[in-house]
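Below: the structure, in structure tokens.
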Amino acid sequence: MNKPIGIFDSGVGGTSIWKEIRRILPAEDTIYLADSKNAPYGAKSQQEILQLSIKNTELLLHMGCKIIVVACNTATTNAIDYLRKTYSVPFIGIEPAIKPAALQSKSKTVGVLATRGTLSSSLFHSTAENHANGIEIVEQEGTGLVPLIEAGEVSSNDMKTLLQKYLKPMLAAGIDYLVLGCTHYPYLIPVLKELLPAHVKIIDSGEAVARQTKAVLEKEGLQTESEVFGTSIFYSNSDLFVLNNFLEDDDAIDVQHKIF
Ligand code: DGL
């Protein structure tokens, strides 16, 4: 089916997921919504996150999307059950990847860095309980990280100071895996590697989300019939140059800026 894949996030973070989708499904058209004006979602109530997720979904459906990728842990953990019940298209979500970290951890201690909205959700709690068998999960809210990333400050001194503060209790608890529970955080991997001891591994689930998107498109018979490179359209309700900072020169074939 030659309709686009819709992807939304509270801002630029979900471009880390879009890049994986682009790599694994190059012929698919994509439409990306960056709701940067309303970032960070992580500090909002569940009702607000739900309303914003509905608004983003309806915009993408209005633009003819055949599947929606909720490229935001906060929106997934607070809204995906409702979205799945309400709309007929398939939804792909992203949640902190506790399972692979818990299975591989030797110190049996895993850190999860995510937003308050994600860590306080019941979906996150049930996932954590399911995989926490004999594993200590050290949760850390990443308050302030998303606004800095949205401002393009991925390796500023303010960012390093905040990260050091957030990593300290996790390192003191003996983590050997750090799960990135927010799609903005993969942009922090270079600075996290500077700040973390070499034995601590970082887990991010962008690739798994893209693979799941491919599997669902195939299962539902929704793959594109096109064999040429798909188009990518990016909508933002903040300054487009901010979004462009997170895209390589050849990433965006057709970039549009639209207030929504
Ligand atoms: N990218 C969103 C996530 O994965 C960031 C949430 C926020 O805006 O606080 O949770």
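For the range 118-131, check the following and say yes or no: at least one residue is open to solvent by less than 60 Å² (accessible area, probe 1.4 Å) and away from the ligand (no atom under 16 Å from the Cβ).
Going residue by residue through the range 118-131, those that are open to solvent by less than 60 Å² (accessible area, probe 1.4 Å) are 118-119, 121, 123-124, 126-128, 131.
After this cut, where a residue has to be away from the ligand (no atom under 16 Å from the Cβ) as well, the list is 126, 131.
Yes: the range 118-131 contains one or more residues that are open to solvent by less than 60 Å² (accessible area, probe 1.4 Å) and away from the ligand (no atom under 16 Å from the Cβ).
Answer with yes or no whether T161 is more than 16 Å from the ligand (Cβ to nearest atom), hydroxyl-bearing (S, T, Y), more than 23 Å from H125 (Cβ to Cβ) and open to solvent by 80 Å² or more (accessible area, probe 1.4 Å).
yes
Please verify whether G93 is farther than 22 Å from Y166 by Cα and in contact with a Pro (Cβ under 8 Å, 6 or more places away or on another chain), treating the condition exactly as stated. Let's see the steps before the verdict.
Details: farther than 22 Å from Y166 by Cα: yes; in contact with a Pro (Cβ under 8 Å, 6 or more places away or on another chain): no.
For G93, the condition - farther than 22 Å from Y166 by Cα and in contact with a Pro (Cβ under 8 Å, 6 or more places away or on another chain) - is not met.
Residue by residue through the range 51-62, note down the ones that are over 18 Å from V146 (Cβ atoms) and either open to solvent by 20 Å² or more (accessible area, probe 1.4 Å) or of a type in the set (K, R) (or both). Reasoning before the result, please.
Filtering the range 51-62 down to residues over 18 Å from V146 (Cβ atoms) leaves 51, 54-55, 57-62.
Selection gives Q51, I54, K55, E58, L59, L61, H62.
Go through (1) within 16 Å of the ligand (Cβ to nearest atom); (2) among the acidic types (D, E); (3) open to solvent by 30 Å² or more (accessible area, probe 1.4 Å); (4) touching a residue at least 40 places away in the same chain (Cβ under 8 Å) one by one and return the number of the condition E227 breaks.
Result: E227 passes all but (1).
Please verify whether V70 is surrounded by 15 or more Cβ atoms within 10 Å (Cβ to Cβ), hydrophobic (A, V, I, L, M, F, W, C), in contact (Cβ under 8 Å) with a residue 24 or more places away in the chain and under 28 Å from T231 (Cα atoms), treating the condition exactly as stated.
Values: surrounded by 15 or more Cβ atoms within 10 Å (Cβ to Cβ): yes; hydrophobic (A, V, I, L, M, F, W, C): yes; in contact (Cβ under 8 Å) with a residue 24 or more places away in the chain: yes; under 28 Å from T231 (Cα atoms): yes.
So V70 fits the description; yes.
Specify the residue that is surrounded by the most Cβ atoms within 10 Å (Cβ to Cβ); the eligible residues are those in the range 175-192 that are in a helix (DSSP H, G or I) and more than 16 Å from the ligand (Cβ to nearest atom). Before you say what the answer is, go through the steps one by one.
Looking only at the range 175-192, we keep the residues that are in a helix (DSSP H, G or I), and these are 185-192.
Adding the requirement that they be more than 16 Å from the ligand (Cβ to nearest atom) leaves 190-191.
Numbers: P190: 10, V191: 15.
Among those residues, the one meeting the criterion is V191.
Have a look at D9, D35 and point out the one that is at pLDDT 95 or above and among the acidic types (D, E). Write out each step before concluding.
On the way: D35 fails: at pLDDT 95 or above.
The conditions single out D9.
For the range 104-174, which helices (runs of 4 or more DSSP H) that fit wholly inside it have 1 or more residues that are without any contact (Cβ under 8 Å) to a residue 40 or more places away in the chain? Don't jump to the end; show me each part of the working.
Working: elements: 116-119, 122-131, 145-150, 157-173.
So the answer is 122-131, 145-150, 157-173.
Scan the range 26-49 for residues that are open to solvent by 20 Å² or more (accessible area, probe 1.4 Å) and farther than 17 Å from H184 by Cα and jot them down.
Of everything in the range 26-49, those that are open to solvent by 20 Å² or more (accessible area, probe 1.4 Å) and farther than 17 Å from H184 by Cα turn out to be P26, A27, D29, S45, Q46, Q47, E48.
Please state which one of L162, L103 is of a type outside the set (D, E), touching a helix residue (DSSP H, G or I) at 6+ places or on another chain (Cβ under 9 Å) and over 25 Å from E20 (Cβ atoms). Write out each step before concluding.
On the way: L103 fails: over 25 Å from E20 (Cβ atoms).
Just one listed residue meets the conditions, L162.
Take the conditions in contact with an Asp or Glu (Cβ under 6 Å, 6 or more places away or on another chain), of a type outside the set (V, I, T) and open to solvent by less than 60 Å² (accessible area, probe 1.4 Å) and apply them to S156. Does it pass? Step through it out loud before you land on a result.
Numbers: in contact with an Asp or Glu (Cβ under 6 Å, 6 or more places away or on another chain): no; of a type outside the set (V, I, T): yes; open to solvent by less than 60 Å² (accessible area, probe 1.4 Å): yes.
No.
The values are calculated or read from the model by the stated rules, or taken from the named source; none is laboratory data. Note that the structure is a prediction, hence the values are computed from the model and not measured. Here the Cβ is made from the backbone with ideal geometry for all residues, glycine too, and neighbour counts use every protein chain on show. SASA here: full protein model, heavy atoms, side chains in, ligands and nucleic acids out. Shrake-Rupley method; radii C 1.70, N 1.55, O 1.52, S 1.80 Å.
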